[in-house]
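**Student:** This is the structure I want to talk about, given as structure tokens.
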Amino acid sequence: MMTHTQKRKLINNIVMALSTLSALIGIGFLFWILGVLIYNGVDALNMNIFTLEGAPPGYAQSGLKHALIGQLYLVGIATVIGVPLGILAGTYLSEYGQKSRLAETIRDISDIMMSAPSIVIGAFVYAIVVAPMGHFSGWAGSIALTIIMLPVILRTTDDMLQLVPSTLREAAFALGAPKYKVILQVVYRGAKAGILTGILLGIARVGGETAPLLFTSFNDNFLNTDMMEPMASLTVTMYNYATSPYDDWQKLGWAAAFILSMFILGLNIIGRIIIMKRKGR
Amino acid sequence: MATIVDIKEDIALKVKDFEFTYAGAPAPSIKKLNMPIAKNSITALIGPSGCGKTTLLRSFNRIHDLYPGNKYSGEILFHDRNILSPKEDLIGLRIQIGMIFQKPTAFPMSIFDNVAYGMKLQGIKNKTELADRVEKALQDAAIWKEVKDRLKHDANGLSGGQQQRLCIARAIAVEPEVLLFDEPTSALDPISTTGIEELVVELKERVSIIIVTHNMQQAARVSDYTGFMYLGELIELGNTEELFVNPREKLTEEYITGKFG
């Protein structure tokens, strides 16, 4: 016969064992994915990957240069457009719009956009850019990525600026600073680390997108730097190579998956480090 | 009507029939208030929470204007002009009337840049002039010795009391005529508090000072004149010693003897 205390201890141990097991299963899958990626990806890596373009299956001499450079173009241009737009819009919300109806509406719409399926945004850009132009293009891809990135940067900027204490703003105004100088010289400085994290997370968010690019920048098996033409990306290339029946293409697919994962993992780790450093102060 | 003592000194600021209503509030927070502020003296504002003393203080540099919908009426005269006028140049006003806040508000930049901030806003670019004036301001704020070897360090690394003196240095660097102190020691330890109080007393040679405080002993220690406010009205303005020893209004007496508050 168990005493009341023994029973409670038993239940406690069961719950602890179950939750530990669940956590291990979750982490297990993560490490499994990483392990398979590293095993197959590192195996497929060689210098040719970075120096050679795509080739028909069976050619020993083929690489991912076209996809790497295409990815840089697509994400780079999306960043160049998306970051200033997102920061300025976030600044409007936090510093000018504040709690006005317009600002609150923009916040709601931005939150909805953040959770919109990216394939829908791909279809939207197809309708407004690809269809009128008559063909896929790098621009269409970058525009789709910008639309996906925008709400992430806008909301982090808004949140981070609101975290800056209002007394700091008042102190700057009390010294006779005009509003734009208060924002540029005091508020931005206080929120610097947070805004930077938002940018990194925004880039990481679009870096792994495939669906919107299928509709917009499509793909190219060779190096193309003309934004008016279809353009290769790591994600779409990975999709095409991985689903092909050819061994050498599948290997390239693994290499693409590995490079892409390391890139996004790196961005996330840098973001975490910035946040940790800020808390440590 | 409030009991107001005769002021021997010149008048720095004159509040006339002043009323202030916060955005959306049904009634004014300050009602028909009249009050002179003596030049090169320290005027303390005391009274229970919600009596309007901070609201009044924040009207002198119109910091209320940062939040839409607040309403002023009446006049606050400064050099014979009404600073409540919609045409008032707020940037110029805030250079002449500085403010120190309850919590230290060091900007996220170096100690030097903090003190130079107000001067840079005024377009002073000459490096030697900036360095000289920063040093002088830090000396006047009695913090130069502690920070002279780390002027390039982040100001947020200073202690609370040091940050508050840094904020005072930053405010006096632009040579204002009036300084407004909003409970400047309520976030500080007793030793830092003594330091700030001594500093405030020294500063009155150059500026006229208005200080809001919850601490009656502080008002008694530092100020020349004390104004007692209650429910948005000025009840009594007197010489500090007289007001604490021999108040003329019954309400003042009840407050300073701790009958309410």
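The values are calculated or read from the model by the stated rules, or taken from the named source; none is laboratory data. The structure displayed is predicted, hence computed values, not measured ones. No Cβ is skipped: glycine too gets one built from the backbone with ideal geometry, and neighbour counts run over all protein chains shown.
**Student:** Right, B:SER186: closer than 21 Å to B:GLY161 by Cα and either outside any loop (DSSP other than H, G, I, E, B) or touching a Gly at 6+ places or on another chain (Cβ under 6 Å) (or both) or not?
**Tutor:** Against the criterion (closer than 21 Å to B:GLY161 by Cα and either outside any loop (DSSP other than H, G, I, E, B) or touching a Gly at 6+ places or on another chain (Cβ under 6 Å) (or both)), B:SER186 does not qualify.
**Student:** I'd like to verify a number: residues in the range B:42-95 that are among the basic types (Lys, Arg) and farther than 29 Å from A:TYR96 by Cβ, how many? Show your work before the answer.
**Tutor:** Filtering the range B:42-95 down to residues among the basic types (Lys, Arg) leaves B:53, B:58, B:62, B:71, B:81, B:87, B:94.
Pick out the ones that are also farther than 29 Å from A:TYR96 by Cβ and you get B:53, B:81.
Of the residues in that region, 2 qualify.
**Student:** Now for a different question. Please enumerate the residues belonging to the range B:125-143 that are part of a loop (DSSP other than H, G, I, E, B) and either loosely packed, with under 15 Cβ neighbours inside 10 Å or of a type outside the set (Gly, Ala, Ser) (or both).
**Tutor:** Within the range B:125-143, B:LYS125, B:ASN126, B:ILE143 qualify.
**Student:** Might you let me know whether the range B:103-124 holds any residue that is part of a loop (DSSP other than H, G, I, E, B), surrounded by fewer than 17 Cβ atoms within 10 Å (Cβ to Cβ), more than 9 Å from chain A (Cβ to nearest Cβ) and not hydrophobic (A, V, I, L, M, F, W, C)?
**Tutor:** Yes: the range B:103-124 contains one or more residues that are part of a loop (DSSP other than H, G, I, E, B), surrounded by fewer than 17 Cβ atoms within 10 Å (Cβ to Cβ), more than 9 Å from chain A (Cβ to nearest Cβ) and not hydrophobic (A, V, I, L, M, F, W, C).
**Student:** So B:LEU77 passes all but one of these: (1) in contact with a Ser or Thr (Cβ under 9 Å, 6 or more places away or on another chain); (2) in contact (Cβ under 8 Å) with a residue 60 or more places away in the chain. Which condition number does it fail?
**Tutor:** Result: B:LEU77 passes all but (1).
**Student:** Next question. If you go through the range A:145-154 one residue at a time, do you hit one that is touching a Phe, Trp or Tyr at 6+ places or on another chain (Cβ under 8 Å) and part of a helix (DSSP H, G or I)?
**Tutor:** The first filter runs over the range A:145-154 and keeps only residues touching a Phe, Trp or Tyr at 6+ places or on another chain (Cβ under 8 Å), leaving A:147.
Add one more test, that the residue is part of a helix (DSSP H, G or I), and what stays is A:147.
The answer is yes; a qualifying residue exists.
**Student:** Something else: When you go through (1) away from every other protein chain (no Cβ under 14 Å); (2) in contact with a helix residue (DSSP H, G or I) (Cβ under 7 Å, 6 or more places away or on another chain); (3) touching a residue at least 40 places away in the same chain (Cβ under 8 Å); (4) in a helix (DSSP H, G or I) one by one for B:GLU146, which number turns out not to apply?
**Tutor:** Looking at each condition in turn, B:GLU146 falls short on (3).
**Student:** Next up: Helices (runs of 4 or more DSSP H) wholly in the range A:186-281 with at least 1 residues that are surrounded by fewer than 17 Cβ atoms within 10 Å (Cβ to Cβ) - which ones?
**Tutor:** A:188-207, A:234-242, A:247-280
**Student:** For B:ALA169, only one of the following conditions fails: (1) closer than 20 Å to B:VAL222 by Cα; (2) surrounded by fewer than 24 Cβ atoms within 10 Å (Cβ to Cβ). What is its number?
**Tutor:** (2)
**Student:** With the requirement that a residue be over 13 Å from B:LYS14 (Cβ atoms) and surrounded by fewer than 22 Cβ atoms within 10 Å (Cβ to Cβ), what does the range B:32-57 give you?
**Tutor:** B:LYS32, B:ASN40, B:SER41, B:PRO48, B:SER49, B:GLY50, B:THR54, B:THR55, B:LEU57
**Student:** Filtering the range B:78-88 down to residues that are within 16 Å of B:PHE20 (Cβ to Cβ), more than 14 Å from chain A (Cβ to nearest Cβ) and in contact with a strand residue (DSSP E or B) (Cβ under 9 Å, 6 or more places away or on another chain), which residue is surrounded by the most Cβ atoms within 10 Å (Cβ to Cβ)?
**Tutor:** Of all residues in the range B:78-88, those within 16 Å of B:PHE20 (Cβ to Cβ) come to B:82-86, B:88.
Those left that are additionally more than 14 Å from chain A (Cβ to nearest Cβ): B:82, B:84-86.
Now drop any that are not in contact with a strand residue (DSSP E or B) (Cβ under 9 Å, 6 or more places away or on another chain), which leaves B:82, B:84-85.
Values: B:ASN82: 15, B:LEU84: 19, B:SER85: 11.
My answer is B:LEU84.
**Student:** Something else: Take the conditions in contact (Cβ under 8 Å) with a residue 40 or more places away in the chain and within 14 Å of chain B (Cβ to nearest Cβ) and apply them to A:LEU161. Does it pass?
**Tutor:** So A:LEU161 passes the test.
**Student:** I'm trying to understand the selection: among the residues of the range A:89-103, which are surrounded by 13 or more Cβ atoms within 10 Å (Cβ to Cβ) and not polar (S, T, N, Q)?
**Tutor:** A:ALA89, A:GLY90, A:TYR92, A:LEU93, A:GLU95, A:GLY97, A:ALA103
**Student:** Another question, then. When the range A:248-281 is examined, which residues are found to be charged (D, E, K, R), more than 20 Å from the chain's Cα centre (by Cα) and modelled with pLDDT under 90?
**Tutor:** A:ASP248, A:LYS277, A:ARG278, A:LYS279, A:ARG281
**Student:** Can you run down the residue pairs with Cβ atoms below 7 Å, 6 or more apart or on separate chains, where the first is in the range A:170-192 and within 16 Å of B:GLY98 (Cβ to Cβ) and within 7 Å of chain B (Cβ to nearest Cβ) and the partner is among the hydroxyl-bearing types (Ser, Thr, Tyr) and in a helix (DSSP H, G or I)?
**Tutor:** Close Cβ pairs satisfying both conditions: A:LEU175/B:TYR117.
**Student:** Looking at the structure I just gave you, is A:THR167 of a type in the set (Ser, Thr, Tyr), facing chain B (nearest Cβ under 10 Å) and assigned to a helix (DSSP H, G or I)?
**Tutor:** yes
**Student:** Among B:VAL174, B:VAL147, B:VAL245, which is the only one that is farther than 21 Å from B:ILE11 by Cβ and exposed (fewer than 14 other Cβ atoms within 10 Å of the Cβ)? First the steps, then the outcome.
**Tutor:** Values: B:VAL174 fails: exposed (fewer than 14 other Cβ atoms within 10 Å of the Cβ); B:VAL147 fails: exposed (fewer than 14 other Cβ atoms within 10 Å of the Cβ).
When all the criteria are applied, what remains is B:VAL245.
**Student:** Could I ask something else about it? Checking B:GLU205 against (1) over 29 Å from B:GLU19 (Cα atoms); (2) in a helix (DSSP H, G or I), only one condition comes out false. Which one?
**Tutor:** Every condition holds for B:GLU205 apart from (2).
**Student:** Consider the range B:89-102. How many of its residues are among the β-branched types (Val, Ile, Thr), within 7 Å of chain A (Cβ to nearest Cβ) and either under 25 Å from B:THR193 (Cα atoms) or touching a residue at least 40 places away in the same chain (Cβ under 8 Å) (or both)? Outline the logic, then answer.
**Tutor:** Step one: filter the range B:89-102 for residues among the β-branched types (Val, Ile, Thr), giving B:91, B:95, B:97, B:100.
Next cut, within 7 Å of chain A (Cβ to nearest Cβ) only: B:91, B:95.
Then drop every residue that is not either under 25 Å from B:THR193 (Cα atoms) or touching a residue at least 40 places away in the same chain (Cβ under 8 Å) (or both), which leaves B:95.
Number of matching residues: 1.
**Student:** Looking only at the range B:216-242, filter to residues that are without any contact (Cβ under 8 Å) to a residue 40 or more places away in the chain and within 18 Å of the chain's Cα centre (by Cα); which one of those is surrounded by the most Cβ atoms within 10 Å (Cβ to Cβ)?
**Tutor:** Ranking the qualifying residues of the range B:216-242, first place goes to B:ALA220.
**Student:** Taking the condition of being touching a Leu at 6+ places or on another chain (Cβ under 6 Å) and either closer than 15 Å to B:GLU183 by Cα or within 14 Å of another protein chain (Cβ to nearest Cβ) (or both), how many residues in the range B:62-73 meet it?
**Tutor:** 1
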